[in-house]
1. Which residue pairs have Cβ atoms closer than 8 Å, lie 6 or more positions apart in sequence or on different chains, and pair a first residue in the range 79-102 that is aromatic (Phe, Trp, Tyr) with a second residue that is part of a strand (DSSP E or B) and open to solvent by 40 Å² or more (accessible area, probe 1.4 Å)?
2. Ala12 is checked against (1) surrounded by 12 or more Cβ atoms within 10 Å (Cβ to Cβ); (2) over 16 Å from the mean Cα position of the chain (by Cα); (3) at pLDDT below 95 and fails just one. What number does that condition carry?
3. Here is a list: Tyr71, Tyr116. Which entry is among the hydroxyl-bearing types (Ser, Thr, Tyr), in contact with a Gly (Cβ under 7 Å, 6 or more places away or on another chain) and modelled with pLDDT of 95 or more?
4. How about the range 103-117: which of its residues are free of Cβ contacts under 8 Å to residues at least 60 places away in the same chain and of a type in the set (S, T, N, Q)?
5. Would you mind listing the strands (runs of 3 or more DSSP E) fully within the range 25-109 where at least 2 residues are surrounded by 13 or more Cβ atoms within 10 Å (Cβ to Cβ) and touching a helix residue (DSSP H, G or I) at 6+ places or on another chain (Cβ under 7 Å)?
6. Can you tell me which residue in the range 110-138 is farthest from Gly64 (Cα to Cα), limited to those that are open to solvent by 70 Å² or more (accessible area, probe 1.4 Å) and in a strand (DSSP E or B)?
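The values are calculated or read from the model by the stated rules, or taken from the named source; none is laboratory data. All values derive from a computational prediction rather than experimental measurement. Every residue, glycine among them, receives a Cβ derived from its backbone with ideal geometry; neighbour counts consider all protein chains shown. Surface areas here come from the heavy atoms of the whole protein model, side chains and all, with no ligands, DNA or RNA. Shrake-Rupley method; radii C 1.70, N 1.55, O 1.52, S 1.80 Å.
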Amino acid sequence: MQQSKTKGLLAALLAVALGIASCDRKTIYTHYEHVASESWEKVDTIHFDIAPITQAGTYQETLGLRITDNYPFLGLTLSVEQTIYPKGERHTYRQECKLIDQEGNAKGSGLTYFQYDFHVSDLNLSEGDSLHITVVHNMKREILPGICDIGIQLTKH
């Protein structure tokens, strides 16, 4: 019973934090996709579609990761692929996510539910460009327990 109250409180705090972050005029996109059953299969691709932007410039792409303390590894390797339309320009990044420091402490914020943010790339986008981003895990294990949500944030420099 206590654990469900804690999860409810954490969910409410995350909703407030996302609401505050969405007020930031530099952040033009923030979205998380929930991973079913808190386990992520290697064949499950997470998709993000960012509508055409209204202002040209340099944008920072950040990957968000939410995991529970059930995640059994010190890190996570992801493949992030982005396609910029209408050019059709495609980039693929191997994202090494270090989750635990040398002392064995989680690098993310949280107690039993941890939030991590990792810089993926800086993008030079033109007005009207849109993005399609996919994320897959690149671990040897087929199913990763403890993964809850994967997110993308795009912020104008």
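1. Tyr85/His132; Tyr93/Glu81
2. (1)
3. Within the list Tyr71, Tyr116, the selection yields Tyr116.
4. Residues satisfying the conditions are Asn105, Ser109.
5. In the range 25-109, 27-34 are the strands (runs of 3 or more DSSP E) which contain 2 or more residues that are surrounded by 13 or more Cβ atoms within 10 Å (Cβ to Cβ) and touching a helix residue (DSSP H, G or I) at 6+ places or on another chain (Cβ under 7 Å).
6. Per the stated criteria, the residue is Asn124.
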